[in-house]
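Let me begin by presenting the structure, written as structure tokens, before commenting on it.
The values are calculated or read from the model by the stated rules, or taken from the named source; none is laboratory data. Source: prediction; values computed, not measured. Every residue, glycine among them, receives a Cβ derived from its backbone with ideal geometry; neighbour counts consider all protein chains shown. For accessibility, only protein heavy atoms count, side chains too; no ligands or nucleic acids. Shrake-Rupley method; radii C 1.70, N 1.55, O 1.52, S 1.80 Å.
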Amino acid sequence: MKSAAEDFFTIHAGRRLVLSAAGAAARGAYEAGAGLVLTYPGSPVVETFDLLASPESPLKSRCRIIINEHVAYHQALGYSLAGGRSFLIMKHVGVNVASDPMHYSAYTGVNGGMVILVGSDPGANCSTGEFDVRFYSLHTHIPILEPRDFGETVAATRNAFEISERYKLPVMVVIPSAFCYGVGSAQSGEAAPVKTAPGFVNSPDYTCVGAFAVKRHEALMDKISRLQNVFPDFESDALKPDFINNGGALIMASGIYRDYAHEALFELGLSRNHSIYSPLATYPLNHASLLKAFTAEEYKKIIIIEDLEGFLETQLCGFMTQNKITAEIFGKNYFKCAGELKYPEVKNILKRLLEDGDPLCCEGAPSVSISRGEGFLEPVMREGTFCPGCPHRAFFYALNKYISPEDVLGGDIGCSSLPPHFSSWLTCMNSGASIASGVALANGRGGGAKKQKVVSLIGDSTFFHGGLQTIMECAASDSNQICFILDNGWTAMTGHQPTFNTRPFQRQADGAPQALSIKKILESFGVKRIYEADPYRINKFKALLNEIIDSEDGFSAVIVKRECRLQAKKRKDSRNEKPIAEGLEPAETFEIIKGRCAGCNECYSVFTCPAIFKNEEGELYINQDICVKCGVCRQICPNGAICKSESSYGR
Amino acid sequence: MGVKNIIITGIGGQGVLYLSSLLRRALVEKYGAVTGYDVRGGAQRLGHVASIIRFEDSGDAARRLAIDFDDGACDFALALEASELLKFNAKLSSRSLAISDEFIINPTNIRRRDGTYYGFEAIKRHFMAITGKFVHANFRGEAAKKFNGPLSANLIMLGRLLKETGALLGLEDIETACNEEEFKIIKYGFEAI
Ligand code: SF4
Ligand code: SF4
């Protein structure tokens with residue numbers, strides 16, 4: 001049996017692959033011969049980078065994790081201006097960070113193909129916010145492809161490089177999270193040789209100021225007009241929309257919703273009664289092919305299926321007005337803007353619009369309803385939680401003893417955003433200390449009328465991504481807050497990518513080992529009060545909190561340093577070291593001694609380590625299969641009931 | 001015959017995604033194509049994880065399948081943690097056969113409130129009322145006894161699922177998708193449970 005990776009990187013066409021859409025995009029970039037692959041890690045497209053950077057990948061030495069999306073975008077643009085093919089991977093909120101250079105890249109244009117894979121997140125399943133990233137194209141004018149199935153994701157990503165080179169524009173490939181995590185079958189295409197950068201040639205086109213900027217803007221509008229008005233004839237119609245004309249209503253659907261429409265019509269027995277138009281390029285919509293569709297039939301009813309906020313609808317309405325086409329449009333007044341659009345909802349709305357002739361009803365009731373009689377159980381949502389032995393759990397356990405729900409706890413992105421703490425806000429990268437500095441200003445010294453403490457959080461990865469400027473500003477203005485820098489050494493939430501402070505580690509395949517010291521950076525920024533703490537040594541950590549929590553001295557930074565337990569365990573296991581926190585006795589397993597446990601539930605309900613279970617008799621026990629032997633529970637049990645297990649002695 | 005819809009659900013760390021990758025590989029070999037999606041959740045561990053697997057067994061290659069399917073249209077459901085299947089209540093109907101471990105993990109949000117969670121008996125009654133076909137066993141216990149580790153429970157359950165699918169997918173179909181050790185455990189689930 002061939003390994004999945006061997007199959008994935010076969011250079012030949014026609015291999016049947018089972019992959020996610022995120023994986024399909026990786027295959028497409030490989031087939032296109034991308035010379036540079038860049039990312040800042042972010043779900044749901046982490047897998048795309050991970051595959052291309054995997055040990056089996058021929059592109060692994062060309063893959064780089066970059067400090068943030070803004071820097072990554074510039075780097076990808078530079079490579080492309082020098083003539084190479086660059087592939088940039090980010091989530092929708094990464095586009096917010098990269099949006100400044102994005103605008104300019106449409107003015108400068110590109111030379112080598114530059115493709116940006118964006119994982120959007122309708123339903124905010126793996127992100128904060130579910131912004132419709134496609135709307136960036138209405139003002140950057142960067143073309144968008146939204147592949148409709150797994151096979152097409154391979155081809156569309158590959159062809160996006162060709163399109164980018166043909167029109168000299170970056171091209172975005174947008175895949176929603178449900179599809180990124182979708183898994184289906186696709187056929188491989190032929191892998192092209194890697195297209196590296198032949199060299200940069202100076203051009204006045206790259207200066208976007210004054211009259212030059214106006215000229216570049218004109219050139220950009222010309223390109224968009226070509227994309228809009230020339231009927232797609234490129235690469236066996238790579239950009240050609242799917243169009244099936246059966247009269248009836250015209251259903252316009254982008255991305256995965258094309259197949260939702262097909263399946264719904266099939267299940268409703270209406271496949272032959274209505275038409276489907278589905279563009280691969282959703283910006284700009286191709287007016288030439290739309291005109292052809294509207295000439296073929298005088299549609300009275302147009303139904304637009306897309307997630308989030310009516311991107312197709314906005315463009316289609318513009319096209320129809322321009323071309324004096326009138327028809328009734330059923331779009332965002334029927335298909336919701338907020339949250340993920342699910343299949344049963346799509347089918348139900350189509351049924352009502354096409355079969356029942358009930359255009360006023362837009363409530364999406366399930367097609368099969370189950371009786372919710374006595375004994376019916378509603379699901380309970382499982383909150384996200386820290387892993388067993390996670391240093392963040394120990395940190396928040398201690399911190400919660402020193403702050404009250406009325407205090408201000410500025411949350412940030414990363415593992416530390418998971419419960420059991422509940423921060424005062426959770427918005428974008430670097431929101432913790434930044435918003436807290438505004439709150440601290442509003443409160444003034446002394447915490448204002450409410451005497452609020454202001455504390456903020458930032459993970460090590462976010463610290464480097466966007467936190468540096470905030471911390472400099474906080475130090476310069478002596479912002480009255482304590483900022484906890486949760487340094488677990490990895491971008492853990494998105495799959496343990498290394499950060500700038502990951503212990504000596506070859507961060508880039510072709511770069512020098514580097515591990516920056518957060519403490520030295522803070523010192524160089526002029527932070528006067530810097531503390532270091534180990535959350536596993538919980539009593540010492542509590543003593544520090546006790547000392548500093550009520551200080552009104554201005555800005556303090558606490559580096560809370562303990563490596564992500566999963567990473568530490570993985571490395572120690574492989575070196576056969578004893579998996580135990582420094583400073584604790586070398587026990588290997590812990591157990592709860594029945595006779596000593598007072599049933600106070602501190603470990604179970606307050607500390608909530610998931611490795612501590614309750615049996616049917618209500619007795620607590622440690623599940624040794626998932627306990628990572630961090631020993632923190634032993635320190636927090638007020639009754640000394642958690643001990644080294646007997647079997648640990650004498651080893 | 002026609003389109004078949006499978007749900008595999010459990011919590012992070014149980015191996016739901018690995019199990020679904022084995023099944024998908026076997027299905028692609030046999031039927032040429034699969035579709036579906038995974039729910040990977042926002043939790044680092046112990047969060048909701050699921051796989052939706054869809055395939056067409058009558059060779060209608062031209063038919064386009066959505067990655068998701070309609071309410072009530074689940075054919076087979078595999079719950080590695082019993083209460084996780086409740087999240088798919090709407091997808092189940094009398095058409096569905098569910099196989100579940102008797103193992104339940106209280107969510108930490110329930111623990112924090114020190115609240116009680118559903119017991120297995122209540123969950124069993126619930127699914128019996130919806131599907132009428134609810135197969136359950138202490139698969140984790142069985143795995144710990146026979147194979148030295150509770151995580152083999154997922155493979156035992158896969159074996160049991162194969163038995164229930166009849167001719168759709170047999171032991172010989174899965175053999176090429178997994179290694180020898182895994183196959184031994186799947187076979188045990190097929191034959192002994
Ligand atoms: S903290 Fe100690 S005494 Fe309290 S429930 Fe846990 S083991 Fe028992
Ligand atoms: S030692 Fe205690 S706190 Fe650490 S993982 Fe095990 S049960 Fe959890």
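Brief remarks follow.
- In Å, descending, principal axis extents of the Cα set of the stretch A:391-570: 54, 31, 29
- Note on A:182-194: average number of Cβ atoms from other chains within 10 Å of each residue's Cβ is 3.
- Size descriptor, Kirkwood hydrodynamic radius, that averages inverse alpha-carbon separations across the stretch A:135-248, Å: 16.8
- Stokes-Einstein D (µm²/s) once Rh is taken as the Kirkwood radius of the protein assembly as shown over alpha-carbon pairs, at 4 °C in 1.567 mPa s: 45
- The listed peptides A:449-460, B:177-188, ordered by packing as a protection proxy, come out as A:449-460, B:177-188 (highest mean of other Cβ atoms within 10 Å first).
- Which listed pairs, of A:Lys324/A:Lys347; A:Lys614/B:Lys146; A:Lys542/A:Lys614; A:Lys401/A:Lys451; B:Lys4/B:Lys163; A:Lys542/A:Lys644, have C-alpha distances above 26 Å, in listed order: A:Lys324/A:Lys347; A:Lys542/A:Lys614
- Each peptide in B:143-153, A:320-330 gets a packing score, the mean of other Cβ atoms within 10 Å over its residues, and the list from highest to lowest is B:143-153, A:320-330.
- Neighbourhood charge, 10 Å Cβ-Cβ cut-off, centred on A:Glu532 and excluding it, Lys, Arg +1 and Asp, Glu -1: 0
- Projecting the Cα atoms of A:Asn286, A:Pro344, A:Phe8 onto the charge dipole of chain A (Cβ charges, centred on the Cα centre) puts A:Phe8 farthest toward the positive pole.
- Legend: translational diffusion of the stretch A:590-649 by Stokes-Einstein, Rh = Kirkwood radius over C-alpha pairs, 37 °C, 0.692 mPa s; D = 286 µm²/s.
- Restricting the stretch A:203-293 to GluC sites (Glu not before Pro) in coil, as DSSP defines it, with at most 15 other Cβ within 10 Å: A:Glu235
- The stretch B:145-193 - Rg over Rh from alpha carbon coordinates, Kirkwood radius: 0.95
- Between amide H atoms placed 1.01 Å from N, distances below 5 Å from A:Val527 occur with no residue 5 or more places distant or on a separate chain.
- Per-residue [θ]222 nm for chain A (sum of -39500 (n - 2.57) over DSSP H runs n ≥ 4, rounded to 500): -9500 deg cm²/dmol
- Taking all protein chains as they are arranged and a probe of 1.4 Å, the heavy atoms of A:Trp425 leave approximately 40 Å² accessible to solvent.
- Label point 7 Å beyond Cα of A:His217 along Cβ direction - residues of the stretch A:137-181 with amide nitrogen under 20 Å: A:137-143, A:169-170
- Length-normalised contact order of the stretch B:3-138 in % [C-alpha pairs under 8 Å, at least 6 apart]: 25
- Projected-area mean, the stretch B:3-138, by convex hull of Cα positions, square nanometres: 8.6
- Global size of the stretch A:141-185: 11.2, 32 Å for Rg and Dmax (C-alpha atoms, Rg to one decimal, Dmax whole).
- The stretch A:241-355: relative contact order as a whole-number percent, Cα under 8 Å and 6+ apart: 31
- Derived scalar couplings ³J(HN,Hα) [the stretch A:37-54; Karplus, 6.51 cos²θ - 1.76 cosθ + 1.60; whole Hz; x for Gly, Pro]: 10, 10, 7, 10, x, x, 5, x, 10, 4, 4, 4, 5, 4, 5, 5, 9, 5
- Positive-end residue, the protein assembly as shown charge dipole about Cα centroid, Cβ charges, pick of A:Gly414, A:Gly384, B:Phe76: A:Gly414
- Counted residue by residue at 0.36 nm each, then reduced by the alpha carbon distance between them, the extension gain from A:Glu56 to A:Asp356 reaches 102.6 nm.
- Cα gyration tensor shape of the stretch A:28-175, rounded if a/c is under 1.5, else prolate or oblate by comparing a/b with b/c: rounded
- Model label sites at A:Glu523 and A:Thr207, defined 7 Å from Cα along the beta-carbon direction, differ in position by 4.4 nm.
- For the pair A:Ala338 and A:Lys292, the difference between a 0.36 nm per residue extended length and the Cα-Cα distance amounts to 13.3 nm.
- Sparse-neighbour loop sites [GluC sites (Glu not before Pro); the stretch A:1-88; at most 13 other C-beta within 10 Å; DSSP]: A:Glu56
- Distance from the C-alpha centroid of the stretch A:402-467 to that of the stretch A:61-114: 31 Å, rounded to the whole angstrom.
- Shown here for the stretch A:249-310: trypsin sites (Lys or Arg not before Pro) in loop regions (DSSP other than H, G, I, E, B) with at most 13 other Cβ atoms within 10 Å, namely A:Arg272, A:Lys300.
- Residues whose amide H lies under 5 Å from that of A:Gly33, counting only those 5 or more places away or on a different chain, are A:Ala192; hydrogens are built 1.01 Å from N in the peptide plane.
- Per residue of peptide B:12-21, the mean number of Cβ atoms on other chains within 10 Å of the residue Cβ is 2.
- Considering only chain A, percent of DSSP beta bridges that pair antiparallel, nearest 5: 25
- Computed from Cα positions, the angle between helix A:431-443 and the longest principal axis of chain A comes to roughly 70 degrees.
- Along the stretch A:304-319 the Karplus relation, 6.51 cos²θ - 1.76 cosθ + 1.60 evaluated at θ = phi - 60°, assigns HN-Hα couplings of 10, 10, 7, 8, 6, 9, x, 6, 5, 4, 4, 6, 5, 4, x, 4 Hz to successive residues, with x for each Gly and Pro.
- Residues whose amide H comes within less than 5 Å of that of A:Lys301, counting only those at least five positions distant or on another chain, are A:Leu250, A:Glu328 (H built at 1.01 Å from N in the peptide plane).
- Per residue, the convex hull spanned by the Cα atoms of the stretch A:1-113 amounts to 101 cubic angstrom.
- The mean count of C-beta atoms from other chains within 10 Å of the C-beta of residues in A:341-351, rounded to a whole number, is 3.
- Phi to ³J(HN,Hα) by Karplus 6.51 cos²θ - 1.76 cosθ + 1.60 over the stretch A:386-402, Hz, x for Gly, Pro: 5, 5, x, x, 5, x, 4, 4, 5, 4, 5, 4, 5, 4, 4, 7, 10
- For A:Arg216, the shell of other residues with beta-carbons less than 13 Å away shows a net charge of 0, using +1 for Lys and Arg and -1 for Asp and Glu.
- Here is the P(r) of the stretch A:241-355: all C-alpha pair distances, binned every 5 Å from 0, give 2, 12, 25, 27, 21, 10, 2, 0 in whole percents.
- For A:Ile302, neighbours were defined as the other residues whose beta-carbon sits under 12 Å from its Cβ, and their charges (Lys and Arg +1, Asp and Glu -1) total -2.
- Relative contact order (%) - chain A, alpha-carbon pairs under 8 angstrom, separation at least six: 10
- The stretch A:124-188 and the stretch A:288-352: distance between their alpha carbon centers, rounded to Å: 20
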